[in-house]
Amino acid sequence: MASDLDIAEADATRVRRHPQVPRRGGESAQPVFAPSALLRFDPAHGVPNVVRYPEKFSEEAFYTVAYPLMHLSRCLEERLLELFRKGYVKGTVTISIGNEGTTVGMSIPLRPGRDVVSLLHRDFAAHLLLGSSPYQLACQYMANAESPTHAREGNVHYGDASTRRFPMISHLGKMLSLVVGGTWAARGHGEEVFGLAVIGDGGSSTGEFHEAINIASVHKVPVLFLVENNHYSFSTPTSMQYNCERLSDRARGYGISGRTIDGTDAWLVYSAVCDALDKMHDEPAPAILECMSIRLHGHAAYDKAEYISEEQLRRWRREDPLRKARRKLQEFGGLSESNVAALEEAVEEEAHDAVTKALAVARPDVRTQRLVAYAKSPPVVLKPVKVARAKTGEAVNRALDYILTNNPRAFLAGLDVGTYGSAFKTCKGLIARHGPRRVIDMPICESATVGFALGASQVGAQPIVEFQFADFSTEAVSQLGLNAGSWYFRTGCPAPILLRLPCGGGLTMGAFHSGEFEGLWTRFPGLKLLYPATAQETFEALVAGFHDRNPCLVLEHKLLYWSKSGPIDFDGNVANIWRPRRYIEGSEVTVVAFGAMVHEAISAAVDCRRSVEVWNPFVLHPLDVTPLVESVRKTGRLLVVQECCESGGLGHTVISQVVRRCHGALKCPPELIAAPDVPIPFAPELESHCRPSVENIRAGIERMYEDR
Ligand SMILES: Cc1ncc(C[n+]2csc(CCOP(=O)(O)OP(=O)(O)O)c2C)c(N)n1
Ligand SMILES: [Mg+2]
């Protein structure tokens, strides 16, 4: 056990002097200043050896770490800009020159691999502080064979998801909710962690900024929302961006604290971040810290910033955080000009070496690069489940209960899924059995809810998200389709999230509560999509989607919830779930249908003078049509039924994929039965006119026998 003396000593060292720092005025008494020791970037461990929270630097020691890093960042970025102009770096280069004070100050306290972080496009130095070497960053910008994203992403779209430094996507604001989810989940697992979510003055206008802060505040998640306010969003001045005095004023509206500081003063930023972490430590809650920063360049390499006056630029140059830090280093460290110059020379050499080494690396080789969108899922065998008869909605409830019972890190989030039991009552009783921490009523914010789930999935949680209606999943197109869908491809880390979409028409709910959207969601590589039609399939789809290591959407047709029932006999073999389903065997016509249309197709087939085979692909994405092709080779006729409008569904894809593989077997052109290309009408007469019916299907089958 530690003695009182040990504890007193430990307290005394909490505010630390860096061992390399010569004391004020003591330059000659110390060994020659050793900058390379301050900038040790070991690729194995990756992070510079600096004091992290809760330990704190003294101001004097702070600059010995901050200044070399700021200088290194600037040297590297200037070099990368030059390489962009020469064609070695592609894409958009948005550099952080002018923002080094904010980005270095904010990231020094954070614990790499522990705190959950999302950085922005002006945070180059923060990557250096949180685990990337100058060489790795140079390779990333050059998109070469050693790029840490395997050259799949470029420049600032970079991080390390495995160490909780989530890589930004272009869509500003979208990363904020991931930090909230990751921090929430890690703390739920008993970890003492904080989140840092960085955003610009422009990005603060996005809906996700509001959604993410709101969730964090409701759930008391200690995330610091740090706004890098550099007065411009590309060319748009802040006067055209918002109408409050300070962006930190918005904190009041969320019931949290907010503060605005000078972001060109690295020590001030560092101290403010440490203060915020202290507060969050005592009482977990988010906060907004607005750092008034500057941009000493155009928005990106191509932008000459002609919209900023010379006078303004002159003022900003006087505020250059690097020059300020240099002065402080000299003032506090008592370093002579030659000491500082030696330090800078060593830093410049470090930057030069990294870039030179990266320039020598080969280009990525298309023959060896495996461009894979999906994470592999190991085979899982689970407890079997047998239920004599269950309604489809009950199958949902049983599957969710089964998942939550057997997976302590699983949680369900959605609108009204708690006490109310969700809009269609499929979640009834789950909150009573599993508690409010695992069955969570979310605010209305579909995009941030998906982001929250994605972030949580990165720290070992197993999220299930219910969209109240599939129609509202359109709110999360960028978050789910672009961010979650490409996550594995970009980061190499799986993103296991189960997403439930109660969908479909027939309930007289009109254009905004009746959609299916299978055509939309199959647009995104990296997502999986299942569409069950029976109680058994529904149970299986949810279990399979949950155990998959990719974001997996399950379409649940609302009409089937309480109108159709059947047995559930799950043998526990998850791998076996991922296959198309055949309901009726036949020899003359292959009918392919999804969701509720399966039941219409079966009715049409049963009472038909032709021998009809009915299939459901079940896994709509990625689609494997092999069994359908075999069926069409046998029957020579293909008819696809989809509930949604002709141009919005998957029918054309099924037809094209099948026909491309067996067109020689076809006895007549394939048929597609779909709703007309109009929004789903409200009145029952109009809706049922649009929805494909048993009669439509039967007529479609007969058309295939007509002499055309
Ligand atoms: C949602 C979205 N719309 C448009 C863009 C294009 N874009 C990239 S950076 C940028 C300006 C961002 O301004 P700000 O948030 O203030 O950050 P700064 O560039 O000033 O650091 C814009 C409009 C984007 N990335 N995301
Ligand atoms: Mg800005």
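General observations
- Scanning the range 462-475 for residues that are crowded, with 24+ Cβ neighbours inside 10 Å and either in contact with a Phe, Trp or Tyr (Cβ under 7 Å, 6 or more places away or on another chain) or not aromatic (Phe, Trp, Tyr) (or both) yields PRO463, ILE464, VAL465, GLU466, ALA470, SER473.
- Among the residues of the range 531-558, those identified as in contact with a Gly (Cβ under 7 Å, 6 or more places away or on another chain) and under 22 Å from ASN406 (Cα atoms) are ALA535, GLN536, ASN550, PRO551, CYS552, VAL554.
- Selection from the range 374-400 of residues that are within 26 Å of GLY451 (Cβ to Cβ) and of a type outside the set (Val, Ile, Thr): TYR374, ALA375, LYS376, SER377, ALA399, LEU400
- Residue match in the range 185-197 (condition: away from ligand 2 (no atom under 16 Å from the Cβ) and over 24 Å from ARG165 (Cβ atoms)): no
- The single condition among (1) more than 16 Å from ligand 2 (Cβ to nearest atom); (2) in contact with a Cys (Cβ under 7 Å, 6 or more places away or on another chain) that PRO284 does not satisfy is (2).
Yes/no per residue for (1) in the same structural domain as PHE424 (by TED's automatic domain parsing); (2) among the charged types (D, E, K, R); (3) assigned to a loop (DSSP other than H, G, I, E, B):
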{"site": "SER486", "(1), (2), (3)": "yes, no, no"}
{"site": "PRO494", "(1), (2), (3)": "yes, no, yes"}
{"site": "ARG500", "(1), (2), (3)": "yes, yes, no"}
{"site": "GLY506", "(1), (2), (3)": "yes, no, yes"}
{"site": "HIS513", "(1), (2), (3)": "yes, no, yes"}
{"site": "ARG523", "(1), (2), (3)": "yes, yes, yes"}
{"site": "LEU529", "(1), (2), (3)": "yes, no, no"}
{"site": "ALA533", "(1), (2), (3)": "yes, no, yes"}
{"site": "GLU537", "(1), (2), (3)": "yes, yes, no"}
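- Scan of the range 426-439 for residues that are touching a residue at least 40 places away in the same chain (Cβ under 8 Å) and surrounded by fewer than 20 Cβ atoms within 10 Å (Cβ to Cβ), ordered by number: ARG437
- Within the range 239-250, the set of residues being more than 8 Å from ligand 1 (Cβ to nearest atom) and buried (at least 16 other Cβ atoms within 10 Å of the Cβ) comprises TYR242, ARG246, LEU247, SER248, ARG250.
- Taking the criterion of being among the polar types (S, T, N, Q) and in a loop (DSSP other than H, G, I, E, B), the residues of the range 159-206 that qualify are SER170, THR206.
- All of VAL221, VAL198 fail the test of being of a type in the set (Val, Ile, Thr) and within 16 Å of ligand 1 (Cβ to nearest atom), apart from VAL198.
Residues checked against (1) touching a residue at least 24 places away in the same chain (Cβ under 8 Å); (2) assigned to a helix (DSSP H, G or I); (3) hydroxyl-bearing (Ser, Thr, Tyr):
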residue	(1), (2), (3)
ASN243	no, no, no
VAL273	yes, yes, no
LEU277	yes, yes, no
MET280	yes, yes, no
LEU289	yes, no, no
GLY298	no, no, no
LYS304	no, no, no
TRP316	yes, yes, no
ARG326	yes, yes, no
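- Failed condition for GLN312, given (1) under 31 Å from the mean Cα position of the chain (by Cα); (2) more than 24 Å from GLU208 (Cβ to Cβ); (3) of a type in the set (S, T, N, Q): (1)
- Any hit, the range 229-236, residues being within 15 Å of ligand 1 (Cβ to nearest atom), touching a residue at least 24 places away in the same chain (Cβ under 8 Å), part of a loop (DSSP other than H, G, I, E, B) and among the aromatic types (Phe, Trp, Tyr): yes
- Condition met for PHE467 (under 20 Å from CYS503 (Cα atoms) and in contact (Cβ under 8 Å) with a residue 12 or more places away in the chain): yes
- Considering residues of the range 201-218 that are more than 16 Å from ligand 1 (Cβ to nearest atom) and out of contact with any strand residue (DSSP E or B) (no Cβ under 9 Å at 6 or more places or on another chain) only, the residue nearest to GLY455 (Cα to Cα): ILE215
- In the range 191-207, the residues that are within 10 Å of VAL179 (Cα to Cα) never reach a residue that is within 11 Å of ligand 2 (Cβ to nearest atom) and part of a strand (DSSP E or B) with C-beta atoms less than 6 angstrom apart, at least six apart or across chains.
- Note on the range 91-120: residues that are over 24 Å from the mean Cα position of the chain (by Cα) and in a loop (DSSP other than H, G, I, E, B) amount to 5.
- Taking (1) under 25 Å from PRO222 (Cβ atoms); (2) of a type in the set (Lys, Arg); (3) in a helix (DSSP H, G or I) in turn, ARG433 satisfies each apart from (1).
- Here LEU81 fulfils each of the conditions (1) outside any strand (DSSP E or B); (2) under 26 Å from the mean Cα position of the chain (by Cα) apart from (2).
- For the residues VAL659, VAL641, VAL598, VAL625, the requirement of being of a type outside the set (Phe, Trp, Tyr), closer than 23 Å to VAL678 by Cβ and buried (at least 17 other Cβ atoms within 10 Å of the Cβ) singles out VAL641.
- Single residue of VAL355, VAL347 found to be in contact with a His (Cβ under 6 Å, 6 or more places away or on another chain) and either hydrophobic (A, V, I, L, M, F, W, C) or assigned to a helix (DSSP H, G or I) (or both): VAL347
- Residue check, THR264 without any contact (Cβ under 8 Å) to a residue 40 or more places away in the chain, surrounded by 14 or more Cβ atoms within 10 Å (Cβ to Cβ) and farther than 30 Å from GLY188 by Cα: no
The values are calculated or read from the model by the stated rules, or taken from the named source; none is laboratory data. Here the structure is a predicted model, which is why all the values come from computation and not from measurement. Glycine also receives a Cβ, built like all others from the backbone with ideal geometry; neighbour counts cover every protein chain displayed.
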